[in-house]
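Q: Dropping the structure in here first, questions after.
The values are calculated or read from the model by the stated rules, or taken from the named source; none is laboratory data. All values reported here derive from a predicted model rather than from experimental measurement. Here the Cβ is made from the backbone with ideal geometry for all residues, glycine too, and neighbour counts use every protein chain on show. When the accessible area is computed, the model is the full protein with side chains, heavy atoms only, and any ligands, DNA or RNA have been set aside. Shrake-Rupley method; radii C 1.70, N 1.55, O 1.52, S 1.80 Å.
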Amino acid sequence: MTLQTQNVLKAFMDEPGRELYGLEVIAATRLATGTIYPILARLERYGWIEGRWEDPGISQQESRPPRRYYKITAAGAEGSRTAITKAYRARRQPVPGWLNRPTASGGAR
Amino acid sequence: MTIESLFETLADTMPAERLRLIERAYTVAAYWHRAQKRKSGDPYIVHPVAVAGILAEAGMDHEVLCAALLHDVLEDTDCPAALLIHEFGDRITDLVIASATVDDPVALASCTDERVLALKSADRLHNLRTIRFLPPSRQRRKSRHTLEVLAPLAVRLGLEEIGAELATLARAVLSPPVEAGHRSSNRTLALGVLLLPEAHRSRWLQEWFGELQAIPRRSARVRFTVELLMGMPRMAVTLRGAATDLRDLPPGRMPRDPQDHRD
């Protein structure tokens, strides 16, 4: 798993139940736009993050297109922890603290 | 909703022999739709399952659920009506035929079978949830029909949540079009997106327009667009799912050692 993908996962796991727009992922990871979207597309395809469109009522009221939020799923939280722990252990480094923060990820819908 | 979660939902309330009939309906539908795909690229069977899921959540009976799973087999495949009658009986087959033929506003208005109307509402609801894969003119036509006919009908039938969601989704499509015209960032992006596989273009364009609108400064919008364009070939490869870079795969997808017990 690339460091870039790890950084994206960190952005989701840093706060429990956090939902992020693409722009927020870019701000949190300081990666380029063209870098994070393929990562988001892949993570979504694997079911590690789930996306939803903003309520059309809100965006309509404000006359703008709806934005898309993403958040980590239970599978994603577990998968990230396993994969990233493995990566850090392989390099004989201590596992970072953010990895084991609890996420409000039960009952993914 | 997947077929598994549908059966999970029904397991507590549906008697075993009715569940078996619904399973049979799924098997028959999956067989006849096996070569077909939705515009989104998903296997076609995803749609009848989703429609059945919507109706199961609304508490519809097993005949409606069977008809939901089978609702496109007569119209879109070579499945003969005689086969449906033989396996599922007249009542379910009639529901399937009715949901295919009751289409125009006049027929809908004069249709008194609430179960047919529920079927059509659920069908339209799933189609609206996935409407972004259709060309804009068809999206608008379906949305107008939904607002004028189907949404009020669903509400009158007592399917309030379905009716409300139908109306919201239809309005979202018909609301003032995204200002794709006057901002050059939007125009450039609309061109760049042509590199992506067709089925994915509209969905990602929508998301990127949404993000662009949220960027106040022009210089930042330009950077967003330029970076996106530079990453577009990579995005195209990712979406095609081909030539995946193994370093980027989560370990769960790689050939694993026998000690690894996960999955």
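Q: With unit charges on the beta carbons (Lys and Arg positive, Asp and Glu negative) and the dipole taken about the Cα centre of the protein assembly as shown, which residue among B:Pro136, B:Ala58, B:Ala16 sits farthest to the positive side?
A: Positive-most Cα among the choices belongs to B:Pro136.
Q: Could I ask something else about it? Express the carbon and sulfur contribution to the solvent-accessible surface of chain A as a percent, rounded to the nearest whole number, probe 1.4 angstrom.
A: Answer for chain A: carbon and sulfur cover 48 percent of the accessible area.
Q: Right, next: May I ask for the angle, rounded to the nearest 10°, between helix A:3-13 and the longest principal axis of chain A, with both axes built from Cα atoms and the value confined to 0 to 90°?
A: 60
Q: When ranked by the protection proxy of mean other Cβ atoms within 10 Å per residue, highest first, what sequence do the peptides B:115-122, A:77-84, B:75-82 form?
A: Going by the mean number of other Cβ atoms within 10 Å, highest first, we get B:115-122, A:77-84, B:75-82.
Q: Report, ordered by chain and residue number, the lysines lying within cross-link reach of A:Lys86, taken as a straight Cα distance under 18 Å and ignoring same-chain residues fewer than 8 apart.
A: Filter leaves A:Lys10.
Q: Quick one, can you get me the convex hull of the C-alpha atoms of chain B expressed as volume per residue in Å³?
A: Per residue, the Cα convex hull of chain B comes to 184 Å³.
Q: Which FRET efficiency value, to the nearest 0.05, is calculated for B:Glu198 and B:Asp103 with the Förster distance at 30 angstrom and r the Cβ-Cβ distance?
A: 0.60
Q: Under 8 Å for C-alpha pairs, at least 6 residues apart: give me the relative contact order for chain B, rounded to a whole percent.
A: 13
Q: Put a dot 7 Å past each Cα toward the Cβ at B:Arg240 and B:Glu17; how far apart are the dots in nm?
A: So the two model labels end up 5.4 nm from each other.
Q: Another question, if that's okay. Working from the alpha-carbon coordinates of chain A, get Rg over Rh, Rh being the Kirkwood radius.
A: Computed over Cα atoms, the ratio is 1.01.
Q: Per residue, how much accessible area does region B:55-108 have with a 1.4 Å probe, in Å²?
A: Heavy-atom accessible area per residue stands at 43 Å².
Q: Once you charge only the Cβ atoms, +1 for Lys and Arg and -1 for Asp and Glu, what is the size of the charge dipole of region B:1-122 about its Cα centre, to the nearest 20 debye?
A: That gives a dipole near 280 debye.
Q: Could I ask something else about it? If you scale each eigenvalue of the Cα gyration tensor by 5 and take the root, what three semi-axes come out for region B:106-218, rounded to whole angstrom and sorted largest first?
A: 34, 14, 11
Q: Here is a follow-up. What FRET efficiency, computed as 1/(1 + (r/R0)^6) with R0 = 25 Å and r the Cβ-Cβ distance, is obtained for B:Thr9 and A:Asp55, rounded to the nearest 0.05?
A: 0.50
Q: What are the equivalent ellipsoid semi-axes of the protein assembly as shown, built from the alpha-carbon gyration tensor (square roots of five times its eigenvalues), in whole angstrom, biggest first?
A: Taking √(5λ) for each eigenvalue gives 39, 27, 18 Å, largest first.
Q: Could you tell me the largest-minus-smallest coordinate of the C-alpha atoms of region B:33-187 on each of the three principal axes, in descending order and whole angstroms?
A: For region B:33-187, the Cα spread along each principal axis is 60, 37, 28 Å.
Q: Working out 0.36 nm times the residue gap between B:Cys111 and B:Arg217, then minus their Cα-Cα distance, what length gain in nm do you get to one decimal?
A: Full extension of this stretch gives 32.7 nm more.
Q: Which angle from 0 to 90°, rounded to the nearest 10, does the C-alpha axis of helix B:46-57 make with the longest principal axis of chain B?
A: It is inclined by approximately 60 degrees.
Q: Hey, what angle do you get for helix B:136-145 against the long axis of chain B, alpha-carbon based, 0 to 90 degrees rounded to 10?
A: Once rounded, one gets 40 degrees.
Q: Could I ask something else about it? When the chain is fully extended, how far beyond the present Cα-Cα distance does B:Asp61 get from B:Thr168, taking 0.36 nm per residue of separation?
A: 35.9 nm
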